[in-house]
Every structure is written in C-alpha cells, then in structure tokens.
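J.: Here it is: the structure, laid out below.
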Amino acid sequence: RNAASYKRNWGVDIVGVRLVSSGHMLEFRYRVLDSTKAMDVNDKKATAYLIDEKSGARLTVPVMEKIGQLRQTDLPKNDQTYWMIFANEGKIVKRGDKVDLSIGKFHCDGLIVD
C-alpha cells in the first residue's frame with residue numbers, strides 16, 4: 001500500500017524480506033529506481049534495524065571482522081537490486097510475520113516475511 005510512496009519519496013521499490021540461512025537470518029532486498037533519492041537508504045552511516053511487530057525485537061545487521069557489515073553500501077545505481085542481512089538470533093521472526101524496517105530517516109512498515 002505504501003509502495004507508491006517509497007518509489008516517489010525514496011526512489012526505491014521494495015522487493016521483500018525473506019528468511020535465509022535456515023531462518024537464522026533475514027534478507028531485505030530493494031531495487032533502486034532513482035539513485036539520487038535512494039542515497040539515504042544506502043547510507044552506511046545510518047544504522048539499519050528490522051523490527052518484529054509482534055515482539056518488538058530489533059534485529060541488526062551483523063558486522064563480520066574481515067568483511068564488515070552484511071549490507072551493500074555502494075553508491076546506488078538505477079535499476080540495480082541491493083540487499084542487507086539481519087541476524088535473527090533465536091529465530092524470533094518466522095515466515096508470515098510482519099516486520100518494520102528503519103534505516104536512518106527511511107521507514108518501511110508492515111513488510112511480510114516470505
């Protein structure tokens with residue numbers, strides 16, 4: 001329902017959220033439509049959270065010692081799909097659950113986990 005707003009205001013199309021790594025992690029994907037507007041979504045200085053609507057748990061992007069954050073932070077390019085991974089310790093979030101995403105000023109509510 002907010003898809004038009006995300007496209008218009010932030011220059012991104014939300015592809016979705018899905019369980020990966022046997023449910024121990026979640027992957028958020030989005031496609032950049034307007035690289036200038038999408039700069040805030042790709043900002044590596046902005047902390048990203050995935051918030052479980054049921055429990056209120058805040059899932060964060062893991063930071064690996066040699067790799068860094070498990071998210072793409074390249075300068076956004078039009079028609080490119082980007083991803084970020086969130087740790088799902090204890091498998092709190094399950095398929096079908098609703099989550100909210102927060103990256104700095106960018107907020108996306110009611111995403112259903114696939």
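The values are calculated or read from the model by the stated rules, or taken from the named source; none is laboratory data. Fair warning: this is a prediction, and the values are worked out from it, not measured in the lab. Positions of Cβ are backbone-derived with ideal geometry, glycine not excepted, and every protein chain shown enters the neighbour counts. Surface areas here come from the heavy atoms of the whole protein model, side chains and all, with no ligands, DNA or RNA. Shrake-Rupley method; radii C 1.70, N 1.55, O 1.52, S 1.80 Å.
J.: Can you report the number of residues in region 31-53 which are more than 12 Å from LEU101 (Cα to Cα) and open to solvent by less than 40 Å² (accessible area, probe 1.4 Å)? Outline the logic, then answer.
T.: Of all residues in region 31-53, those more than 12 Å from LEU101 (Cα to Cα) come to 31-40, 42-46.
Right, trim to open to solvent by less than 40 Å² (accessible area, probe 1.4 Å) and you get 32, 35, 38, 42, 46.
Selection size over region 31-53: 5.
J.: Being among the charged types (D, E, K, R) and more than 15 Å from the chain's Cα centre (by Cα) is the filter here; which residues of region 10-36 pass it? Can you show your working first?
T.: So the first thing to find is which residues in region 10-36 are among the charged types (D, E, K, R), and the list is 13, 18, 27, 29, 31, 34.
Matches in region 10-36: ASP34 only.
J.: Looking at region 55-114, which of its residues are over 19 Å from HIS24 (Cα atoms), without any contact (Cβ under 8 Å) to a residue 24 or more places away in the chain and in contact with a Leu (Cβ under 8 Å, 6 or more places away or on another chain)?
T.: If the condition is that a residue be over 19 Å from HIS24 (Cα atoms), without any contact (Cβ under 8 Å) to a residue 24 or more places away in the chain and in contact with a Leu (Cβ under 8 Å, 6 or more places away or on another chain), then HIS107 is the only one that fits.
J.: Same structure, new question: Hey, among the residues in region 61-79 that are in a strand (DSSP E or B) and either exposed (fewer than 14 other Cβ atoms within 10 Å of the Cβ) or basic (Lys, Arg) (or both), which one's nearest to the chain's Cα centre (by Cα)? Explain how you work it out, then say what you get.
T.: Applying the first criterion (in a strand (DSSP E or B)) to region 61-79 yields 63-64, 68-69, 71.
Pick out the ones that are also either exposed (fewer than 14 other Cβ atoms within 10 Å of the Cβ) or basic (Lys, Arg) (or both) and you get 63-64, 68, 71.
Values: VAL63: 15, MET64: 18, GLY68: 16, ARG71: 9 Å.
Step by step, filter region 61-79, then rank; the result is ARG71.
J.: Here's something else I'd like to know. For TYR82, work out the one condition from (1) under 18 Å from GLY110 (Cα atoms); (2) at pLDDT 95 or above; (3) outside any loop (DSSP other than H, G, I, E, B) it doesn't fulfil.
T.: (1)
J.: Let me ask something additional. Quick one: SER102 ticks every box in (1) open to solvent by 70 Å² or more (accessible area, probe 1.4 Å); (2) in a strand (DSSP E or B); (3) within 19 Å of VAL32 (Cβ to Cβ) bar one, so which box is it?
T.: SER102 satisfies all of (1) open to solvent by 70 Å² or more (accessible area, probe 1.4 Å); (2) in a strand (DSSP E or B); (3) within 19 Å of VAL32 (Cβ to Cβ) except (1).
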